[in-house]
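Right, one structure below, let's go through it.
The values are calculated or read from the model by the stated rules, or taken from the named source; none is laboratory data. Since the model is a prediction, treat every value here as computed from it, not as a measurement. Side chains included, ligands, DNA and RNA excluded: accessible areas come from the protein's heavy atoms. Shrake-Rupley method; radii C 1.70, N 1.55, O 1.52, S 1.80 Å.
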Amino acid sequence: MSSRRSRSRQSAASMITDDQINDLVSKLHQLLPEIRNRCSDKVSATRVLQETCSYIRSLHREVDDLSERLSELLDNTDSTQASIIRSLLMQ
Amino acid sequence: MSASQQLTPTNPNSALKIRLAYRFLLTLNTLNAKKPPNFDHTQIHRRSHRVKIAAYASMASVVGPKRAWSRAILWKIRNRGMLARNKKRIHRISTPIRLHRHHARRRRNPNRVVHVDPFVNSGLEVKLRKLVPGAETIDPCGLLDETADYIKYLATQVEVMRNLVDLYSTI
């Protein structure tokens, strides 16, 4: 397309190529846990982005859940054991 | 012998996990030192909220100011008192735009015409900008990059917390 050719002559700071976008989308796609198991060649960008959104939401929910469990466990743990763990890690 | 000498990570992911875990435990330590032990139900909810803030804060401070999402998280946490007070007011201070002044300059460039749009359906872009912190004023290309980085650190942080929960529940 002629628009793409003229765009390549623009300044380097504003150049966004199709390859760059595809690289980023595939990089994102590599990070997602579900699509990795299936056929990973022909995944549309829309699907990758949808999976990304749902994955981020599930990660947020998991952080909430884990922080709740962690706060309960931190109360119940014996303080001497916690200080032992802490001193082991602070060496 | 320090702990960093004992652990020799073979791949960058485990090195990242170690850094995140160390920072998270450090933050939790300072958090636990302050609070008095109590078993009230409202306090339990507040404690879990503080653990959550510690998780995000430690994750963002490991990255530092290099990334837009880490800057946004640190800003939000440091100013959460002010944000809670301003929530009741009608007008909100648009400070995320103040932080990304260099991005705003880029957007005013008259030569820049975005022909390539990865977000064919723009509804997804809006959702993504809401989910990733500090992503409201980034160009679409940088948004994908920030998302990938954010997912990487967030997934590792979740793994660290899971391991901690396992560790504490078996002791």
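Once the range B:123-171 is represented by equal point scatterers at the alpha-carbon sites, with solvent omitted, what log10 I(q)/I(0) does the Debye formula produce at q = 0.20 Å⁻¹?
Values, matching the q order: -0.67.
Just to confirm, what accessible area per residue do you get for the range B:122-162 at 1.4 Å probe, in whole Å²?
Numbers: 1280 Å² over 41 residues.
The answer is 31 Å² per residue.
Rounded to whole Hz and in sequence order, give me ³J(HN,Hα) for the range B:147-161 from the Karplus expression 6.51 cos²θ - 1.76 cosθ + 1.60, θ = phi - 60°, writing x for Gly and Pro.
4, 4, 5, 4, 5, 4, 5, 5, 5, 5, 4, 4, 5, 4, 5
For the interface of chains B and A, what total accessible area is buried with a 1.4 Å probe, rounded to the nearest 100 Å²? Please list the in-between numbers first.
Numbers: alone 12600 and 8080 Å², together 15950 Å².
Summed over both sides, the interface buries about 4700 Å².
Distance check, please: which entries in B:17/B:127; A:27/B:88; B:76/B:127 exceed 31 angstrom between their Cα atoms?
Working: B:17/B:127 28 Å; A:27/B:88 40 Å; B:76/B:127 19 Å.
Among B:17/B:127; A:27/B:88; B:76/B:127, the Cα-Cα distance tops 31 Å for A:27/B:88.
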